[in-house]
Structure formats: structure tokens, C-alpha cells
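Encoded as C-alpha cells, the structure appears first; notes follow it.
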Amino acid sequence: GKSSPARPGGDDRDRPLDGHGRRQVRETGRRLAARGWRPALALVSTAGRTRETFDGLRAGLEAEVPARFEESLYLAPVETLIEEIGLLDADIPSVIVIGHNPGLHELALHLGGRHEDTKAARLRDFPPCALARFEIAAADWRDLRPAAARLTDVIYPGDRD
């Protein structure tokens, strides 16, 4: 979700969501619930704004979603995101990654940008609280690669369902 600007002398990690961002994440959680999406696990950056994003999504989903808060996800590049996802146990059926741009945007492009359809075209921009959903045709998270990923949906804050 949209975060507050950095305070002079403040640590970027401590930036909270602003009021608009809090509303965005709750609404995105409700939209996920309406679609029947219930991630089995959340991988979450340790930044304050990503923790708040997770809490808001979980509240909107009205479901308990276990989380792993990972320091390595803070401002992580796409390579680190893929590495962290690859460490998941193969028996975890679904995961939501809550982190930062540009890494998350690059991950979405890496996995789904090769498609030539309306959904993939929406990946050209990836604002705060955007979500790209993929189905992965692999037996293990270590096998995450573009050829195994199919982009199934893209949600932007403010979209009308």
C-alpha cells in the first residue's frame, strides 16, 4: 500500500502506510477473499509498511494467514525474491510475497511479462498495492521460472470488479 513519506532523519524501514494505503490494503484483501484466494503463507519484508500491508490484507481476507518476516526481502532485487521463494517447502501450495518495488515489479515482469495479452500488458506499471497472481506448473518452488508460470490475474488498487 501507499506509504507515508520518509521523515527527516527517520529510517526508511520505519515508514508506515498512510491512510490511503491502509484503505487500499484492506480493499485488496476483500477482493482476494471475493475471488477465493487464500494464500497458505505470506513472505513479508520486515519494513513497517510491509508489515502493515500484511495486517491489512489479512483483515480484508478475514482469514488467518501464517507469515514469515524476512529481512532479506527489504528492498530485495528480483534475484533475491526468486531465491527466497525457492527456499519454500514443496508442500506449501501458495504464497503471497509482500515487499517493495522495483523488485516485485521486476518479479512480475520476469514471470509474466513474456505473455502478449491484456493481463500481461497491465504489468508495465505496478503501483503500490498492485498484485499479480500466477499459477506455477512446477513440483517444487526451486523450479520457479517464466516457463513454469502462467499469469492469471492482475489487480490494481482502485480497480472495479
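The values are calculated or read from the model by the stated rules, or taken from the named source; none is laboratory data. Here the structure is a predicted model, which means the values were calculated and not measured. Backbone-built Cβ (ideal geometry, glycine too); neighbour counts: all protein chains shown. Areas reflect the complete protein model, heavy atoms only, side chains present, ligands, DNA and RNA absent. Shrake-Rupley method; radii C 1.70, N 1.55, O 1.52, S 1.80 Å.
Tell me, please, whether a residue that is over 18 Å from R35 (Cβ atoms), hydroxyl-bearing (S, T, Y) and more than 13 Å from the chain's Cα centre (by Cα) can be found in the range 64-86.
yes
Hey, among L75, L104, L81, L87, which residue is open to solvent by 70 Å² or more (accessible area, probe 1.4 Å) and under 22 Å from E135 (Cβ atoms)?
So the residue among L75, L104, L81, L87 that is open to solvent by 70 Å² or more (accessible area, probe 1.4 Å) and under 22 Å from E135 (Cβ atoms) is L87.
How many residues are farther than 22 Å from P5 by Cα and open to solvent by less than 10 Å² (accessible area, probe 1.4 Å) if we restrict to the range 32-50?
3
Check off (1) surrounded by 20 or more Cβ atoms within 10 Å (Cβ to Cβ); (2) of a type in the set (S, T, Y); (3) under 21 Å from R150 (Cβ atoms) for T53 and give me the number that stays unchecked.
Unmet for T53, out of (1) surrounded by 20 or more Cβ atoms within 10 Å (Cβ to Cβ); (2) of a type in the set (S, T, Y); (3) under 21 Å from R150 (Cβ atoms): (3).
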